[in-house]
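The values are calculated or read from the model by the stated rules, or taken from the named source; none is laboratory data. What you see is a predicted model; the values in this text were computed from it and never measured. Cβ placement follows ideal geometry from the backbone for every residue including glycine, while neighbour counts extend to all protein chains displayed.
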Amino acid sequence: MPAPRSFRAGVLVVGLAAALGACAAGAAGPAVELKGRRFQVEIAADEAARARGLMFRDRLPADHGMLFVFERPGMLTFWMKNTRLPLDILYFDQNYHLLNVQQRVPPCRSAGDDCPLYPSAGPAQYVLELNAGTADALGVTPGDVLKVLR
């Protein structure tokens with residue numbers, strides 16, 4: 001989940017969310033592909049969904065994740081407040097090229113707002129959260145391309 005920050009929804013966010021929501025008939029829902037592996041994703045394209053992220057979840061199926069969509073590229077910082085699952089946080093630029101991965105990020109056990117921050121290495125527009133260890137198992141490296149399946 002992104003650290004608190006104010007955003008205004010734009011046409012790009014709405015358009016991508018609509019495109020992902022209109023996946024082929026019969027498909028389980030929006031999906032992405034990374035290194036040849038397909039992941040069913042939930043889309044977090046507005047401020048409320050991005051703030052909530054994967055909070056309070058006790059499990060995430062192996063081939064599932066959450067795709068955070070931002071209006072424009074920027075330096076992003078995520079944290080794990082109220083997130084119960086260890087995750088990999090993958091940051092992608094506006095062209096879906098992998099910038100960096102924060103691997104095996106543990107849940108934050110703090111009762112306050114003093115959770116560690118996990119930043120992007122450059123201006124990111126998309127963030128994919130997957131179960132911890134998935135990025136390592138896939139062998140992802142900066143420059144890998146995330147495919148959004150429509």
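Values computed for the structure shown
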{"read-out": "Qualifying position, being under 14 Å from the mean Cα position of the chain (by Cα), of a type in the set (D, E, K, R) and farther than 19 Å from Pro30 by Cα, among Asp93, Asp46, Asp58, Asp113", "value": "Asp93"}
{"read-out": "The stretch 122-150: number of residues that are free of Cβ contacts under 8 Å to residues at least 40 places away in the same chain and within 13 Å of the chain's Cα centre (by Cα)", "value": "0"}
{"read-out": "Residue within the stretch 99-118 that is acidic (Asp, Glu), at pLDDT 95 or above and over 21 Å from Leu60 (Cβ atoms) present", "value": "no"}
{"read-out": "Number of the condition not met by Arg50 [criteria: (1) more than 12 Å from Glu129 (Cα to Cα); (2) in contact with a Pro (Cβ under 8 Å, 6 or more places away or on another chain); (3) not hydrophobic (A, V, I, L, M, F, W, C)]", "value": "(1)"}
{"read-out": "Positions within the stretch 61-74 being within 17 Å of Arg84 (Cβ to Cβ) and within 14 Å of the chain's Cα centre (by Cα), in sequence order", "value": "His64, Gly65, Met66"}
{"read-out": "Residue in the stretch 101-114 that is surrounded by the fewest Cβ atoms within 10 Å (Cβ to Cβ), counting only those that are of a type in the set (S, T, N, Q) and closer than 19 Å to Ala135 by Cβ", "value": "Gln103"}
{"read-out": "Test: residue in the stretch 50-71 that is farther than 26 Å from Gln103 by Cβ and at pLDDT 90 or above", "value": "yes"}
{"read-out": "So Cys108, is it among the hydrophobic types (A, V, I, L, M, F, W, C), within 18 Å of Asn82 (Cβ to Cβ) and in contact with an Asp or Glu (Cβ under 9 Å, 6 or more places away or on another chain)", "value": "yes"}
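Let's see how each residue does on (1) buried (at least 16 other Cβ atoms within 10 Å of the Cβ); (2) touching a helix residue (DSSP H, G or I) at 6+ places or on another chain (Cβ under 9 Å); (3) closer than 19 Å to Leu149 by Cα:
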position	(1), (2), (3)
Gly29	no, yes, yes
Met55	no, no, no
Leu99	yes, no, no
Pro116	no, no, no
